[in-house]
1. Among the residues of region 148-159, how many are surrounded by fewer than 16 Cβ atoms within 10 Å (Cβ to Cβ) and among the hydroxyl-bearing types (Ser, Thr, Tyr)?
2. Does region 10-50 hold any residues that are in a helix (DSSP H, G or I), farther than 22 Å from LEU67 by Cα and not hydrophobic (A, V, I, L, M, F, W, C), and which are they?
3. Across region 20-52, what is the total count of residues that are farther than 20 Å from THR117 by Cα, open to solvent by 10 Å² or more (accessible area, probe 1.4 Å) and of a type in the set (A, V, I, L, M, F, W, C)?
4. If ARG96 meets every condition in (1) open to solvent by 50 Å² or more (accessible area, probe 1.4 Å); (2) out of contact with any Gly (no Cβ under 9 Å at 6 or more places or on another chain); (3) of a type in the set (D, E, K, R) apart from one, which number is that one?
5. Search region 66-77 for residues that are under 17 Å from LEU131 (Cα atoms) and pair each with any residue that is assigned to a loop (DSSP other than H, G, I, E, B) and at pLDDT below 95 when their beta-carbon atoms are under 8 Å apart and the residues are at least 6 apart or on different chains.
6. Among residues belonging to region 53-81 that are closer than 21 Å to PRO111 by Cα and of a type outside the set (Val, Ile, Thr), point out the one that is most open to solvent (accessible area, probe 1.4 Å).
7. Quick test for you: out of GLY89, GLY104, pick the one residue that is out of contact with any His (no Cβ under 9 Å at 6 or more places or on another chain) and either under 23 Å from HIS2 (Cβ atoms) or not in a helix (DSSP H, G or I) (or both).
8. List the pairs whose first member sits in region 118-147 and is on the phi < 0 side of the Ramachandran plot and open to solvent by less than 10 Å² (accessible area, probe 1.4 Å), whose second member is in a helix (DSSP H, G or I) and among the β-branched types (Val, Ile, Thr), and whose Cβ atoms are under 9 Å apart, counting only residues at least 6 apart or on separate chains?
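The values are calculated or read from the model by the stated rules, or taken from the named source; none is laboratory data. Here the structure is a predicted model, which is why all the values come from computation and not from measurement. Using ideal geometry, Cβ is built from the backbone for each residue, glycine included, and neighbour counts are taken over all protein chains shown. Side chains included, ligands, DNA and RNA excluded: accessible areas come from the protein's heavy atoms. Shrake-Rupley method; radii C 1.70, N 1.55, O 1.52, S 1.80 Å.
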Amino acid sequence: MHHELADVIEFDDELATLVADMVATMYAAEGVGLAANQVGVDLKVFVFDCPDADQQRITGVVCNPVLRLPNGADRQLDVADEGCLSLPGAFTECGRPDHSWVTGFDHLGEPVAFEGTGLLARCLQHETDHLFGTVFGDRVPEKARKKLYKLHKQVADEYQDDWPVGEEVD
């Protein structure tokens, strides 16, 4: 998870199948976003279905994302619990800018642009991070990171080794 993924250069049926599988996996895992490396694929693509600050549900696919965050006085941090399908059952507070913009391409190669507020701003940042080799635990202080991984270890036996592709263990 700690390396930059390859750019998407082929917008073909194989990519469309990957995106459909990722969406199904995200919904099965009850997540709001999923990056390709979370299902073992080394491509810069993520999918999401997430509400913004106005509770408007926004869905999308982004290949080769470019993330933009506010600067200076426009940059306001939102500190909230964050989790990850790569660390199921574990959450910790993580500060992120409360607004973000992502541009890129959809799975058909068409340009896309998303503006995120609220949870959507966090999701766009979180998923873009995955594609560039950063997990959200890297963004929290060491003490919180240790607690996060300890909590995950305590609940890890509730999930199969291939989570989020596999099912939760009953």
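1. Adding up the residues that qualify gives 1.
2. Within region 10-50, ASP13, GLU14, THR17, ASP21, THR25, TYR27 qualify.
3. Residues meeting the conditions: 8.
4. Status for ARG96: all satisfied but (1).
5. Pairs found: LEU69/ARG75.
6. Residues of region 53-81 closer than 21 Å to PRO111 by Cα: 57-69.
Remaining after also requiring of a type outside the set (Val, Ile, Thr): 57, 60, 63-65, 67-69.
Working: ARG57: 166, GLY60: 17, CYS63: 0, ASN64: 32, PRO65: 6, LEU67: 57, ARG68: 135, LEU69: 50 Å².
Out of the qualifying residues, it is ARG57.
7. Details: GLY89 fails: out of contact with any His (no Cβ under 9 Å at 6 or more places or on another chain).
So the residue among GLY89, GLY104 that is out of contact with any His (no Cβ under 9 Å at 6 or more places or on another chain) and either under 23 Å from HIS2 (Cβ atoms) or not in a helix (DSSP H, G or I) (or both) is GLY104.
8. none
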